[in-house]
């Protein structure tokens, strides 16, 4: 049986329970056609979000299908999208389906448009364009590529849009015989004196705050705190909005750098003002940081702690009772005992997804304590990833008995497990998405290489990262820079 990859974060998430502002960000990635024709029909909450005028400040009516193979009226859909903007429209893109009537409809209801893109709109006439440009005094970016317009229409556009800084009038490739015509160039030269290049015309600092937020959310917490918030006062204000910090990604994507990641994580948590729902910490997590997070965040649903060797059993056991809403937990490459896992199960009754991945080193050691702790204390699990675990068939049997809701199970490189016979048959019947011990590791996010030991180790050590994990705390500190960075107050600006 070919099994799909275990992706606990995707499968365990009920997308209908996402905060409205997060759902809005996702839906804004769609075009107007997809929203009106599909997304808004999903449920009442999405319907409500899709009717919010702020969702329609930008309208993209780009046609991604055959124009003649559609069962809906693009012009009517565009009109409906404009109505939903309630006069807040600033950016609209229309391809192929634009007409004089649609252009008049848009400009009659939208006085703040800054960007207008009309591509291959052959039904827009000179008179139609000339009539409406006077209603676009704030227009800065105009694209009329592959439209059939005269010198007079271009002159009208220049007179009616005095703030125009970017203009595109691309034409189809030349066909012989070549025809020389300077009328369009002269109309541009005489009437669009404020033009800049298209790249220079966009002032990113003037983007609507919600658009800027969407862009900044693509960055991690380190990039926001260390760079983005310093750009200007408006970005700084956006970066201090608690909704920007509902998700905090402190993933280390390179050298640990010349700054204190733990202190930056604390600052990010402070900015969330108790709204934090998801946090990812890699390589530097400690008991103190974990306590800091949980003391200030009672709504966390997803917690990812990877290679956080400084988090102890006691530190983890102490805080899990403060995470009653936790649904997704990743403790990969952390050193946690059976007792700590039992505490997690008791303290997080809603836990549906759990990862406890480990690296494998030979010789193999059989060890079922972790599996038994999971089986006995995490009965609501739907998704479990135990990459490289030392469990045996007994441990697996206990998990199957104790976690009856389990849908996906990743046992790759769990070489003490033998799925032949009845146990394998039961796994195939009970688990929808099963990854077997010898299945491919190509899609595994960490290093899956199996390391040979010379017999000097008494137990399996976690692997999957760099040799820095085997250094002492003092050695590790030497690599981290070891500065208290007393100028962080200036960096954060609080």
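Quick note: the coordinates plus some simple rules give every number you see, no bench work behind them. A quick note: this is a predicted structure, and the numbers were derived from the prediction, not measured. In this analysis, Cβ positions are derived from the backbone assuming ideal geometry, glycine residues included, and neighbour counts consider all displayed protein chains.
Label positions at residue 299 and residue 211, each projected 7 Å from the Cα along the C-beta direction, are separated by 2.8 nm. The gain in end-to-end length when the residue 73 to residue 447 segment is fully stretched comes to 129.6 nm, 0.36 nm per residue minus the alpha carbon separation.
Among 50, 232, which comes first, then next, by fewest other beta-carbon atoms within 10 Å?
Going from sparsest to densest Cβ surroundings: 232, 50.
Derived from the Cα gyration tensor, the three semi-axes of the equivalent ellipsoid of the range 278-386 are 21, 16, 12 Å, largest first.
On full extension, the segment bounded by residue 321 and residue 415 gains 30.5 nm, given 0.36 nm per residue less the C-alpha separation. Projecting label points 7 angstrom from Cα along Cα→Cβ for residue 243 and residue 189 puts them 4.9 nm apart. Among 304, 426, a tally of other beta-carbon atoms within 10 Å of each Cβ gives an order, fewest to most, of 426, 304. When its C-alpha radius of gyration is set against 2.2 N^0.38 Å (N residues), the range 20-205 gives a value of 1.09. In this label model, residue 62 and residue 34 are separated by 1.0 nm, measuring between points 7 Å along each Cα→Cβ vector.
A Förster distance of 45 Å, applied to the separation of the beta-carbon atoms of residue 432 and residue 86, puts the FRET efficiency at 0.50.
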